[in-house]
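Student: One structure, as structure tokens, below. Some questions next.
The values are calculated or read from the model by the stated rules, or taken from the named source; none is laboratory data. What you see is a predicted model, and the numbers here were worked out from it, not measured in a lab. Neighbour counts are summed over all protein chains in view; Cβ atoms, including those assigned to glycine, are modelled from backbone coordinates with ideal geometry. To get the accessible areas, we keep the full protein, side chains included, count just its heavy atoms, and leave off ligands, DNA and RNA. Shrake-Rupley method; radii C 1.70, N 1.55, O 1.52, S 1.80 Å.
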Amino acid sequence: MPWFGKEKKEPEAYENILSGLKKLYKTKLLPLEEIYRFHEFHSPVLQDADFDAKPMILLVGQYSTGKTTFIKYLLESDFPGIRIGPEPTTDRFIVIMHGEEEGVCPGNALVVDTKKQFRALSKFGNSFLNRFQCSTLDNPVLKSLSLIDTPGILSGEKQRLDRGYDFIGVLEWFAERVDTIILLFDAHKLDISDEFRRSIEALKGHDEKIRIVLNKADMIDHQQLMRVYGALMWSLGKVIRTPEVARVYIGSFWNQPLHYDENRRLFELEHQDLFKDLQALPRNAALRKLNDLIKRTRLAKVWSFF
């Protein structure tokens, strides 16, 4: 007999977690967002492509810290549009995804593709879209995740130049949607420029996604490495204000012989730890999407009270 005349409601069953998240969003959260105009002031509507997307890794760092080389090392191959050099060579946001054929899709075509999760990036204008592209290639690593290479963050007088679009705003958009953010530092360039500081501050609220990599560590000996590591932690302490000590992965992520071989064992262990973390992303992708949807629900609930 129903308690006080109320029938017990059976829990809904879904084919999988992602289909359940899609239905819950469209039937429960989306109507609330539309009533209180959440999309106009905070975040655009989530599409099916946002739920279906593979885990994404965002690489951020100053120019010539090895972001593009890190991707090449991870994929064990080049990708369409790759450019590597000591000067600021990557002047655009490049999404590296799996595809049956190698190719490059420009930004203006990418944001109208309903199968991709980048439609909302059109709000940043043509100046950004001209510096946005998707490179596709048939690579086993890309079958389970996607990578995002970013323009090198400038320092000195160069950082005063206008990029022509809201660089920090684009970083914030990606940070909200990616699964992991890798901050790369060069062992020879530990200074954090004003633009780099603003970029790191734009990642606040996503601390659990951030992984810090001290790259090119084979270029210095053991004693210098200890000093560099201490200096990096001191610099990070002034920008990333958390009570916990940030985990820093030390290594040299390229396929060239080590310059100083004495730290080989340390680098091998650090590489294993970092790649083990990255390999877990596909397994935890559904959980991360659930976590992000809960965060979005709380934001929408708070917004509805204003």
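Student: State all residues of segment 17-64 that are farther than 30 Å from Ala187 by Cα, part of a loop (DSSP other than H, G, I, E, B) and in contact (Cβ under 8 Å) with a residue 12 or more places away in the chain; if no residue qualifies, say none.
Tutor: Selection gives Tyr36, His42, Ser43, Pro44, Val45, Leu46, Gln47, Ala53, Lys54.
Student: In segment 217-252, which residues are farther than 18 Å from His271 by Cβ, touching a strand residue (DSSP E or B) at 6+ places or on another chain (Cβ under 8 Å) and open to solvent by 40 Å² or more (accessible area, probe 1.4 Å)?
Tutor: If the condition is that a residue be farther than 18 Å from His271 by Cβ, touching a strand residue (DSSP E or B) at 6+ places or on another chain (Cβ under 8 Å) and open to solvent by 40 Å² or more (accessible area, probe 1.4 Å), then Met233 is the only one that fits.
Student: Return yes when Leu236 is at pLDDT below 90 and farther than 30 Å from Asn284 by Cα and no when it is not.
Tutor: no
Student: Looking at Leu290, Leu299, Leu258, can you tell me which residue is under 21 Å from Ala49 (Cα atoms), open to solvent by less than 100 Å² (accessible area, probe 1.4 Å) and touching a residue at least 40 places away in the same chain (Cβ under 8 Å)?
Tutor: Result: Leu290 is the single residue among Leu290, Leu299, Leu258 that is under 21 Å from Ala49 (Cα atoms), open to solvent by less than 100 Å² (accessible area, probe 1.4 Å) and touching a residue at least 40 places away in the same chain (Cβ under 8 Å).
Student: Still on this structure, please answer the following. Looking only at segment 163-170, decide whether some residue is crowded, with 19+ Cβ neighbours inside 10 Å, over 26 Å from His271 (Cα atoms) and touching a residue at least 40 places away in the same chain (Cβ under 8 Å).
Tutor: Within segment 163-170, one or more residues are crowded, with 19+ Cβ neighbours inside 10 Å, over 26 Å from His271 (Cα atoms) and touching a residue at least 40 places away in the same chain (Cβ under 8 Å).
Student: Among the residues in segment 192-203, are any part of a helix (DSSP H, G or I), closer than 25 Å to Leu266 by Cα, out of contact with any Ser or Thr (no Cβ under 6 Å at 6 or more places or on another chain) and modelled with pLDDT under 90?
Tutor: no
Student: In contact with a helix residue (DSSP H, G or I) (Cβ under 9 Å, 6 or more places away or on another chain) and closer than 22 Å to Glu76 by Cβ - does that describe any residue in segment 234-250?
Tutor: Yes: one or more hits.
Student: Right, something else. Of everything in segment 90-128, what is assigned to a helix (DSSP H, G or I) and surrounded by fewer than 16 Cβ atoms within 10 Å (Cβ to Cβ)? Give them in sequence order.
Tutor: Within segment 90-128, Asn108, Ala109, Lys123, Gly125, Asn126, Ser127 meet the criteria.
Student: Then there is this: Quick test for you: out of Arg163, Arg119, Arg131, pick the one residue that is over 16 Å from the mean Cα position of the chain (by Cα), more than 22 Å from Ser199 (Cβ to Cβ) and modelled with pLDDT under 95.
Tutor: Within the list Arg163, Arg119, Arg131, the selection yields Arg119.
Student: Return only the number of the condition from (1) part of a helix (DSSP H, G or I); (2) modelled with pLDDT under 85; (3) farther than 19 Å from Phe118 by Cα; (4) of a type outside the set (Asp, Glu) that Met1 does not satisfy.
Tutor: (1)
Student: Now for a separate question. Out of (1) charged (D, E, K, R); (2) modelled with pLDDT of 90 or more; (3) surrounded by 13 or more Cβ atoms within 10 Å (Cβ to Cβ), what's the single condition that is false for Lys276?
Tutor: (3)
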